[in-house]
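Peer 1: Below is the structure I would like to discuss, written out as structure tokens.
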């Protein structure tokens, strides 16, 4: 079947899929995630706009942002539809809208014979607790996948994931101002300790990665809104630079950046929400909602670990759209860099050894990197190939899920936790199905 892609505008160096500014109310300050051609090389470009004001607390910023989105929806006479999956991200988003005293309805996807009930049951409990109206969207996932539904979304929008294709199909069934949660981001700096301090002072800070930013696979949500000319928000927690950076401005998160935390995982994300003042708690198990489908196809095809599902439905999409090198650009506010300098000069004496082994992280070649000072802030950009998942040890304090580090040993983890003021280390880990 012939591959179809959105029209590529060489002059603007982006895929043309709709009038972006008329759809997203915060288009100038939101995270942009799209394919571009730079220097003759096609890359996946992720860019964050500049922070426009002094950063407030994340929970206050989220409340203000919920009110602003509500105002946009009301201007267009559209009812607000929050998509809840049962995960912590969407529950925290709903909490922000409740605190903002904004009227909204909840949308929950329900698959064949409730095969994803294990995933969305927490969302139902949350809605019952807060007396929220729920619109269930019933999807026959078996029929959708086996009749080429995922492939159609791949050809139209560049979708690389069968699970996301099901989400897009669900979005197509819902009217109104649709809002999905997204999640906070976390930048990983190439160096730590004294080298990082030196770079901060010289305004040449090098970055290695930005965890949680919408990657090549997830950016299809943006294209769906643009192609459908639908007003809404696919990444609530990433739709404003102010909101993104307010999480990074938390003292504990600055401490994690200062000591060289290299991996941002589910536990750390949950801790970010807790530190921000939200009530939602981490789930005992993190699901995608497709676990039973993966098992069903394993049984049908005599495979293990979901490989039958991936072979049938994931690999054909990824072959249509192979992974691109990633280019990331964002402005780190002076408010955060000043805290980093303070942590490195005052709170970490003696300094943490910056030569800790990190053998679990796949080596990668940095294609391009530069940093320069802009109006008292740090501008950081880089090109990176696709990152591999790092094995890790997880630490916690006082029984609360904490940070995850791509380190070789428990000893390394203990040293960094001690430097950050954390104790009671425990080994952990685990993985979840890919999106």
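Peer 1: Would you kindly give the portion of the calculated P(r) for the range 38-130 that falls above 17 Å, as a percent of all Cα pairs?
Peer 2: Of the Cα pairs, 62 percent sit more than 17 Å apart.
Peer 1: Let me ask another. With a cut-off of 8 Å between alpha carbons and a minimum separation of six or more residues, what is the relative contact order of the range 226-313 in percent?
Peer 2: 13 percent
Peer 1: What relative contact order, as a whole-number percentage, does the range 127-228 give when Cα pairs under 8 Å and 6 or more residues apart are counted? Write out the running numbers ahead of the final one.
Peer 2: Working: 67 pairs, mean separation 24.8, N = 102.
After rounding, I find 24 percent.
Peer 1: Do you know the relative contact order of the range 188-261, to the nearest whole percent, from alpha carbon pairs under 8 angstrom that are 6+ apart?
Peer 2: It rounds to 39 percent for the range 188-261.
Peer 1: Tell me the label-point distance for the pair residue 54, residue 202, using the 7 Å Cα-to-Cβ offset, in nm and rounded to one decimal.
Peer 2: The two pseudo-label positions are separated by 3.3 nm.
Peer 1: For the modelled label position 7 Å from the Cα of residue 138 along Cα-to-Cβ, which residues of the range 104-122 have backbone nitrogen atoms closer than 15 Å?
Peer 2: Residues passing the 15 Å test: 108-117.
Peer 1: Translational diffusion coefficient of the range 91-175 at 25 °C, 0.890 mPa s, Stokes-Einstein with Kirkwood Rh over Cα pairs, in µm²/s as a whole number.
Peer 2: 172 µm²/s
Peer 1: For a label point 7 Å from the Cα of residue 38 along Cα→C-beta, name the residues of the range 195-223 whose backbone N is under 15 Å from it.
Peer 2: From the range 195-223, the list is 206-210, 214-216.
Peer 1: If packing is taken as the average count of other Cβ atoms within 10 Å, what order do 93-102, 189-198 fall into, highest mean first?
Peer 2: 93-102, 189-198
Peer 1: Give me the extension gain from residue 319 to residue 251: residue separation times 0.36 nm, minus the current Cα-Cα distance, reported in nm with one decimal.
Peer 2: 20.2 nm
Peer 1: Between the alpha-carbon centers of the range 199-241 and the range 123-141, tell me the distance in whole angstrom.
Peer 2: 27 Å
Only the coordinates and a few stated rules stand behind these numbers; no lab work does. Computed from a predicted structure; not experimentally measured. No Cβ is skipped: glycine too gets one built from the backbone with ideal geometry, and neighbour counts run over all protein chains shown.
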